[in-house]
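As structure tokens, the structure follows; a few thoughts come after it.
The values are calculated or read from the model by the stated rules, or taken from the named source; none is laboratory data. Just so you know, these numbers come straight off a predicted model, no measurement behind them. Cβ atoms come from the backbone with ideal geometry, glycine included; neighbour counts cover every protein chain shown. Note: accessible area is taken over every heavy atom of the protein model, side chains too, but ligands, DNA and RNA are not part of it. Shrake-Rupley method; radii C 1.70, N 1.55, O 1.52, S 1.80 Å.
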Amino acid sequence: MLPIVVNVVLGMLGLALVLTCIRLLRGPSMADRVVALDLISTLAVGMICVYAISTDQDVYLRDAIVLAVIAFLGTTAFANYLGKGGQP
Amino acid sequence: MITTVVTSALMLFGASFMFLAALGVLRLPDIYIRMHAATKSGTLGVSGMILASAVHFGELGVTTRAVLIVVFLYLTAPVAAHFIGRAAYQTGAPMWDRSVVDELRGRYNAKGALDSAPETSGVSSGSEGGDSSS
């Protein structure tokens, strides 16, 4: 039962990734792209968790921690740079 | 057996919420509405995934790590969303043409800092025509 569910969930997450990439490519403003990148990193954390379940290796959860931290830092830095309009 | 069922249910819950988040990011009309889908629904979905892995492994270390990730996501997702929203407003991202109220109108000066403007400046109670912030 679990392999079927893992395949279904990975398919849903892949479709969500495709939809988010469409928004990333055609987002009218820069902030739209930042929102799409934030959602892509969240989707990547979810995929890492599914992969850890499907391979029975719990070490992948540490990658999820690191990716969550780096995604928050990246989003914050990008928003800070965007809000100041490039001025220091 | 029961562990498998609970894990599958949590994974499907999380995946459906994350799919809804992606669909909302693609389909909703402007950026301030899109951020609702991306931050709230996405965070709920990924917390479902992480709790599914915690149930599947069922060890103390893994559960502690999973709870750590969930708490971290719940603390940082609103902060990141607030930063993105403020940056979008400062750069003048257009609002939906059917938006009703823009309480920050005229309260940012040219350098992007928040003025101490008079209290009544912002609210422009909209009729049907709406207005987009420039």
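Show me the ranking of peptides A:19-26, B:45-52, A:53-60 by mean Cβ neighbours inside 10 Å, starting with the highest.
B:45-52, A:19-26, A:53-60
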With only alpha-carbon atoms counted, please give the Rg and Dmax of segment B:2-90, in Å.
15.0, 51
If only Cα atoms are counted, what is the Rg of the protein assembly as shown, and what is its Dmax, in Å?
19.5, 63
Per DSSP, loop trypsin sites (Lys or Arg not before Pro) in segment B:8-59 with at most 13 further Cβ within 10 Å:
none
Using the basic label-point model (7 angstrom from Cα toward the beta carbon), what is the A:LEU15 to A:VAL66 distance in nanometres?
3.2
Would you mind giving the mean number of other chain beta-carbons within 10 Å of the Cβ of each residue in B:96-103, as a whole number?
0
Around B:PHE57, under 12 Å between beta carbons, what's the net of Lys plus Arg minus Asp minus Glu among the other residues?
-2
Shielding by other protein chains, B:61-74, mean Cβ within 10 Å
3
Return the carbon/sulfur percentage of the accessible area of segment A:33-82, one whole number, probe 1.4 Å, all protein chains in place.
65
Measure off 7 Å from each Cα along the Cα-to-Cβ vector at B:ILE2 and A:LEU73, then give the distance between these two points in nanometres to one decimal.
4.2
How many percent of Cα pairs in segment A:2-83 exceed 23 Å?
30
